[in-house]
1. Could you grab me the full set of residues in the stretch 71-102 that are within 22 Å of S43 (Cβ to Cβ), over 26 Å from the mean Cα position of the chain (by Cα) and either β-branched (V, I, T) or outside any helix (DSSP H, G or I) (or both)?
2. Please determine whether any residue of the stretch 100-123 is of a type in the set (S, T, Y), surrounded by fewer than 18 Cβ atoms within 10 Å (Cβ to Cβ) and at pLDDT 95 or above.
3. Does the stretch 366-398 hold any residues that are of a type in the set (V, I, T) and touching a Leu at 6+ places or on another chain (Cβ under 7 Å), and which are they?
4. Scan the stretch 314-354 for residues that are among the aromatic types (F, W, Y) and farther than 17 Å from T251 by Cα and jot them down.
5. Considering each of E72, E155, E115 in turn, give the residue that is among the acidic types (D, E) and in contact with a helix residue (DSSP H, G or I) (Cβ under 7 Å, 6 or more places away or on another chain).
6. On the basis of being touching a residue at least 40 places away in the same chain (Cβ under 8 Å) and farther than 24 Å from E302 by Cβ, does E346 make the cut?
7. Of all residues being over 16 Å from the mean Cα position of the chain (by Cα) and not aliphatic (A, V, I, L, M) in the stretch 1-28, which is nearest to R300 (Cα to Cα)? Just the residue, please.
Amino acid sequence: MNQKLNIAICSYRSAPFGGGQGIFVFELSKALNNLGHNVDVISGPPYPNLNNSIKLIKSPGLNLFSTFNFQERLKIFLEKKNKSADDWYEFISALFGGFPELKTFGNRAQIILKESSYDVVIDNQSLSYGMIEVQKKIPLIEIIHHPITKDYRYEIQFSKGIIQKISKWRWFSFLKMQKRVSLKLKVISSPSHNSKKDIANDFGVLERNISVIPNGIDFKSFTPMQDIKRVPGQIITTASADVPLKGLDFTLHAISRLKIDYPELKLVIIGAPRPGGHTERLIKRLQIDQNILYRSNLTRHEIAVEYAKSNVAIVSSLYEGFGFPVGEAMSCAIPLVATNVASIPEITQSFAELIPAESSDAIELAIRNIFTNPKKNQSRADAGRMHIIENFNWQKIGKLYEDLIYKTIDEFQC
């Protein structure tokens, strides 16, 4: 089958600058479009940046998580005209500490897709009840980057006190829906063999229903910049605000010790802190305020510039379903220190310094080794870029998705 298809990609939220969802939707839609297919993206807010040839269909979510201020959320809700049952559910659930976007997006997407003529639908990890209804009428591929049970486990592990634990339990209550839905899905794609194993274990999905297609890396944007000089002592990491899964605490503890011997040390964090949150408090307690620089809402080029200025990249995650920061750092040919967990070794192979998770000592030692042997580590980083170009380019990944799409359509029609 080589026919050109009408493809819908669904994404419950697709922030272009925060997290990997917006990146994934942008790149996958572009790759499939470049193969000659018509691609529409159905997304809840925040909405993605897309190529001009790709149509964005906006699902009318409330985007309540653009703020955590009750008055601002109330204003958003009250200003919404012709409120649906999903609007009411979304507001009330968020009010009591839940995360309703997945379920309400699935309901809204189901309505949008009801009268559509798409050949296939790709859903980016909503795992919502609405997708079961979609699957009855249209061939469906569900993307599961990793089971969110892993996020829940670490959030509970690092929670302090029963109130925080109850709050996390309420937030992750959508996991019951995701487990039920995953068992009814016919076709699942995951970006790593480790994620495939974890989905099977945590959700009870049969492994034969899960295909492994890695994510790609935009190696043209994330590229070495020879005209930019590295800033002495600059290190770079990517971390969502106060998310235990990213392991930022361990990097910060390492920085507090390294600054004794390297007083000019600067850690550039791609991301934004939660005002008054755990990370801000830890930085103050460790007295490393002067050593930390936050950079957020950057374009790909601006992120690549920060990599070019840096001497070491750190990925201290406790778990990664795939890990865009790993591939992006390698694509920029910067020496990389990364935790030896989950899917990360699948991406890095031998082209990074792999260390145990949850160890500030290991991070400190790895950084010292790179500072001491810059030429040796740069040679490995240069080889790492070639590894990314050969194995994680979106043209190759798009073709793998195209093959899975044709197979899914064929089996749906049987």
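The values are calculated or read from the model by the stated rules, or taken from the named source; none is laboratory data. Everything quoted here is computed from the prediction, not taken from an experiment. Neighbour counts run over all protein chains shown; Cβ positions are idealised from the backbone, glycine included.
1. I76, K80, K81, N82, K83, S84
2. no
3. Answer for the stretch 366-398, where residues must be of a type in the set (V, I, T) and touching a Leu at 6+ places or on another chain (Cβ under 7 Å): just I367.
4. F322, F324, F351
5. Sole residue among the options that is among the acidic types (D, E) and in contact with a helix residue (DSSP H, G or I) (Cβ under 7 Å, 6 or more places away or on another chain): E155.
6. Criteria met by E346.
7. By that ranking, first place goes to N6.
Results for (1) in a strand (DSSP E or B); (2) in contact (Cβ under 8 Å) with a residue 40 or more places away in the chain; (3) over 15 Å from F105 (Cα atoms), shown as yes or no for each residue.
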position	(1), (2), (3)
P16	no, no, yes
K30	no, yes, yes
N51	no, no, yes
I57	yes, yes, no
